[in-house]
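Heads up: the structure comes next, in C-alpha cells.
The values are calculated or read from the model by the stated rules, or taken from the named source; none is laboratory data. The structure displayed is predicted, hence computed values, not measured ones. Backbone-built Cβ (ideal geometry, glycine too); neighbour counts: all protein chains shown.
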Amino acid sequence: MRSVVRLLAGRQAICHRRHAGDCASGTMKKGLVLGVYDGCSLGEYKPTATFARYDEKTGGKLMSLIKGMKIGHGDVQVFSNVGTEFTSIAVTNLGPEGLGYNEVERLDECKEAIRTAAAVGARALQDEGLTQIYVEGFTNPEPAAEGAILAVWRYQELRDKADRYPEVRIELFENDDMDGWMRGKVKAENQNLARKIEETPANLMTPYIFGQIAVDSLCPCGIAVDVRDKDWIESMKMSAFLQVARGSCEPPVFVEMSYCGLGGPNPIVLTGKGITFDSGGLCLKECRGMSEYRGDLAGAAVIVAVMKTIAMMALPIDVIALIPLAESMIGGMAAHPGDIVRARNGKSIMIEDTDNEGRVILADTLSYSQSFHPCLVMNIATLTPGIRKALGTSSSGTWTNANVVWRELERAGSETGDRLWRMPLWKYYKQRVTDYRGVDLNNVGKARGGGPNLGAAFLKEFLHEVDFAHVDITGTGLLSNGIGHPYLRKNVMTGRPTRTLVQFLYQIACPHVKGDEC
C-alpha cells in the first residue's frame, strides 16, 4: 500500500482523464473544509488540529464566528470573507471526539464521521459554486478523500456541454499523509466509475458497449480483458445464459478480466450479474420505477471498478472476473414461465419466473468459474427485491460457506462504512430449490418467504468444493434514497459496495490483524 503514490504517478496519465471543463487553478474559486468536535456544552466546539492552525492565521476569527452557533453532528456552516486565500470556508461537526469501532453497529464510527464531515463540507462549497475545494485530512485522510469525492460527483454526460455544472477538483489541505489520501481518492473515483456505468440509460449501455468500457477502463491499467461473443458463449454450452438473452435484439456478451498480481495457481474469482436492462421478461415488472433497472448491471459495474482499483493499488493478489451481459426483454423468443433449460454443468433449470433471470445467467458463469481452480468464488448481483425489503439500504445481504471469509468481509464493511450483513446459507434452502420432480432446480423455490436465501442456495448449486460468497446488492447498489450515507447524492446510483470489496481484497492480499488507525 505504501507504493500507491509512486504507482499512480506513472499511471494517472493512462487511467485517469482530466475533465475537459477544468480551468487553470488560478481562475478557480477556492474553498476549504475544516472540522470541529462537540464541546462540553451546547454551542461550544473543539477545533481539529488543522482548524486551530488555520484559525490562528486569521486571528481567531473562525472560532469567534462559530461560538454559540448550533452546528449539529454531520451539519455544516459556510463562512465567506474570512481570509484572502479562500472564497468560502465550510465548518463541519464530526460529533464527539475519540470515536472508534462500535461493536454493536459493526462500524468504525471515527472513519464514517470523517467521510460524512468531508462530504457535507465539500458539497456545501460545491453548492456555493466553488470549483477547487481543499479538505483537511482530519485524523485519517483516506476516508476524507472518499467522502468528499463521492459527494461532489454528478452524472451529466448527456447534458449539453454549455449547461453542465462545472467540474470540482478536490485537494488535500496541509497534511503529510498523501498515501492515505491517494488510496481514498482512487477508491472513490472508481466507485464513481461504477456509478457512471449504472446511471447510463440502457440504450447507451448495451452488452457490447459495456464490454468496450471494460476494455477502455482496464487494459491501460495492465488488466487482460477478453470480450466473448455469442458464438463463444454457445461453444461453452452456456444454454441458460443464452435463453435469457434470446428475448432481446441485443446480442449477449461475456467479459473475462484477469489481474495477475502474484502469479499463484488458485485465484479469487469474481462474478457479477450484468443485465443491462431488466424488464422482467414475460413476467413484466411494473412500468412505474422500471427505469431504475437500467442499474441491473450494478454487480458487473462494481466488478469493473474493483478490478481497476486493485490494479492501480498494485495489490499482490490474483483475481479473475467473469461477467455475463445481456438484456432481459419480452421479444418473440423470450423465455416462457415453465421453460426448462440445461446449464453448462448439466443441471436442468425450470424458469418458473422470468424476472428471476439473474440467477439463471449466473448459473453458467459460476460453473465456468470452476475451470480456474479458484480458492474463492464471490458473486455480486442485484438478485432479489426481498433483500431490499429486509435490509433497506443499510447493508448488503451476504451469504458464505466459509466463516473466515465472512470475518474479513464484515471487517471490510466496518472499515469502509459500506457494511454487509450475513444471511443463512442452509441446507433447508437448498432443498426448497432442488426438491422437484423431473427437474434439478427451480428458479423460484417452494413455499413463501426467504426469497434472497433461495437465490443464494440456487447459485451455490453450480459450484463444488470451493469457498463461496454471494453479495446481494439490490438494496444498496441501485438508486440512493439519501439516508445513512450523506456522501451519496439522493436518486443517483451508488456504486456500492466497491470500496468494501477492494478493502476485502486488500486484507486478503496483505494480511493484518488490525485496521488502520483513525
Subject >> Residue check, Asp339 surrounded by fewer than 20 Cβ atoms within 10 Å (Cβ to Cβ) and either in the same structural domain as Pro497 (by TED's automatic domain parsing) or of a type in the set (Gly, Ala, Ser) (or both) >> reply: yes
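Yes/no per residue for (1) over 29 Å from Phe458 (Cβ atoms); (2) outside any strand (DSSP E or B):
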site	(1), (2)
Tyr208	no, yes
Gln212	yes, yes
Ser217	yes, yes
Pro220	yes, yes
Asp226	no, no
Trp232	no, yes
Lys237	no, yes
Ala240	no, yes
Gln243	no, yes
Original post:
If a residue has to be more than 19 Å from Trp399 (Cβ to Cβ) and of a type in the set (D, E, K, R) to count, how many in the range 431-461 make the cut?
Top reply: 4
Original post:
Hey, does the range 195-203 have a residue that's β-branched (Val, Ile, Thr), buried (at least 17 other Cβ atoms within 10 Å of the Cβ), touching a helix residue (DSSP H, G or I) at 6+ places or on another chain (Cβ under 7 Å) and assigned by TED's automatic domain parsing to the domain that holds Leu376?
Top reply: no
**OP:** Would you please name the residue that is surrounded by the fewest Cβ atoms within 10 Å (Cβ to Cβ), looking only at residues in the range 123-181 that are more than 17 Å from Phe51 (Cβ to Cβ) and polar (S, T, N, Q)?
**Re:** Gln156
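Quick one: is Ala162 small (Gly, Ala, Ser) and either in the same structural domain as Gly413 (by TED's automatic domain parsing) or without any contact (Cβ under 8 Å) to a residue 24 or more places away in the chain (or both)? So that I can check it myself, show each step before the final result.
On the way: small (Gly, Ala, Ser): yes; either in the same structural domain as Gly413 (by TED's automatic domain parsing) or without any contact (Cβ under 8 Å) to a residue 24 or more places away in the chain (or both): yes.
For Ala162, the condition - small (Gly, Ala, Ser) and either in the same structural domain as Gly413 (by TED's automatic domain parsing) or without any contact (Cβ under 8 Å) to a residue 24 or more places away in the chain (or both) - is met.
Would you mind finding the one in Gly449, Gly475 that is part of a loop (DSSP other than H, G, I, E, B), crowded, with 24+ Cβ neighbours inside 10 Å and small (Gly, Ala, Ser)? Walk me through how you get there before you give the answer.
Details: Gly449 fails: crowded, with 24+ Cβ neighbours inside 10 Å.
Result: Gly475 is the single residue among Gly449, Gly475 that is part of a loop (DSSP other than H, G, I, E, B), crowded, with 24+ Cβ neighbours inside 10 Å and small (Gly, Ala, Ser).
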Subject >> Sole residue being over 17 Å from Val91 (Cα atoms) and charged (D, E, K, R), chosen from Glu103, Glu136 >> reply: Glu103
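Inside the range 96-105, can you point out the residues that are part of a loop (DSSP other than H, G, I, E, B) and farther than 18 Å from Ile483 by Cβ?
Restricting attention to the range 96-105, the residues satisfying the condition of being part of a loop (DSSP other than H, G, I, E, B) are 96-100, 103-105.
Answer for the range 96-105, where residues must be part of a loop (DSSP other than H, G, I, E, B) and farther than 18 Å from Ile483 by Cβ: Pro96, Glu97, Gly98, Leu99, Gly100, Glu103, Val104.
Does Ser291 qualify as being under 25 Å from Gln212 (Cα atoms) and either surrounded by fewer than 18 Cβ atoms within 10 Å (Cβ to Cβ) or among the basic types (Lys, Arg) (or both)? Spell out the reasoning first.
Working: under 25 Å from Gln212 (Cα atoms): yes; either surrounded by fewer than 18 Cβ atoms within 10 Å (Cβ to Cβ) or among the basic types (Lys, Arg) (or both): yes.
The answer is yes for Ser291.
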Original post:
How many of the residues making up the range 484-498 are surrounded by fewer than 24 Cβ atoms within 10 Å (Cβ to Cβ) and either over 19 Å from Ser414 (Cβ atoms) or of a type in the set (Phe, Trp, Tyr) (or both)?
Top reply: 4
**OP:** Please find, among Glu292, Glu250, Glu256, the residue that is of a type in the set (Asp, Glu), in contact (Cβ under 8 Å) with a residue 60 or more places away in the chain, in contact with a strand residue (DSSP E or B) (Cβ under 8 Å, 6 or more places away or on another chain) and part of a loop (DSSP other than H, G, I, E, B).
**Re:** Glu250
**OP:** Could you check Val215 against (1) in contact (Cβ under 8 Å) with a residue 24 or more places away in the chain; (2) in contact with a strand residue (DSSP E or B) (Cβ under 7 Å, 6 or more places away or on another chain) and say which number it fails?
**Re:** (1)
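Would you call Glu157 part of a loop (DSSP other than H, G, I, E, B), of a type in the set (Asp, Glu) and closer than 30 Å to Tyr293 by Cα?
Numbers: part of a loop (DSSP other than H, G, I, E, B): yes; of a type in the set (Asp, Glu): yes; closer than 30 Å to Tyr293 by Cα: yes.
Yes, satisfied.
Inspect the range 405-416 for any residue being assigned to a strand (DSSP E or B) and farther than 25 Å from Gly346 by Cβ and give the result as yes or no. If you could, list the steps in order and put the result at the bottom.
In the first step, residues of the range 405-416 are kept if they are assigned to a strand (DSSP E or B); the result is none.
No, the range 405-416 contains no residue that is assigned to a strand (DSSP E or B) and farther than 25 Å from Gly346 by Cβ.
So, in the range 216-226, exactly how many residues are over 16 Å from Ala314 (Cα atoms) and either surrounded by 17 or more Cβ atoms within 10 Å (Cβ to Cβ) or touching a Leu at 6+ places or on another chain (Cβ under 8 Å) (or both)? If you could, list the steps in order and put the result at the bottom.
So in the range 216-226, the residues over 16 Å from Ala314 (Cα atoms) come out as 216, 225-226.
Pick out the ones that are also either surrounded by 17 or more Cβ atoms within 10 Å (Cβ to Cβ) or touching a Leu at 6+ places or on another chain (Cβ under 8 Å) (or both) and you get 225.
Qualifying residue count for the region: 1.
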Original post:
With the range 309-393 as the region, which strands (runs of 3 or more DSSP E) entirely inside it contain at least 1 residues that are under 21 Å from the mean Cα position of the chain (by Cα) and modelled with pLDDT of 95 or more?
Top reply: 318-328, 376-381
Original post:
Which condition does Glu103 not pass, out of (1) surrounded by 14 or more Cβ atoms within 10 Å (Cβ to Cβ); (2) without any contact (Cβ under 8 Å) to a residue 24 or more places away in the chain, if it passes all the others?
Top reply: (1)
Original post:
Is it true that some residue in the range 118-140 is in a strand (DSSP E or B), free of Cβ contacts under 8 Å to residues at least 40 places away in the same chain and either more than 17 Å from Gly495 (Cα to Cα) or not assigned by TED's automatic domain parsing to the domain that holds Ser80 (or both)?
Top reply: no
Original post:
Considering Ile149, Ile114, which residue is in contact with a Phe, Trp or Tyr (Cβ under 7 Å, 6 or more places away or on another chain), assigned to a helix (DSSP H, G or I), assigned by TED's automatic domain parsing to the domain that holds Val33 and of a type outside the set (Asp, Glu)?
Top reply: Ile114
Subject >> Evaluation of Arg432 against (1) crowded, with 18+ Cβ neighbours inside 10 Å; (2) touching a strand residue (DSSP E or B) at 6+ places or on another chain (Cβ under 9 Å); (3) touching a residue at least 40 places away in the same chain (Cβ under 8 Å) (one fails), failing number >> reply: (3)
Subject >> Count - residues of the range 414-429 that are in contact (Cβ under 8 Å) with a residue 40 or more places away in the chain and out of contact with any strand residue (DSSP E or B) (no Cβ under 7 Å at 6 or more places or on another chain) >> reply: 2
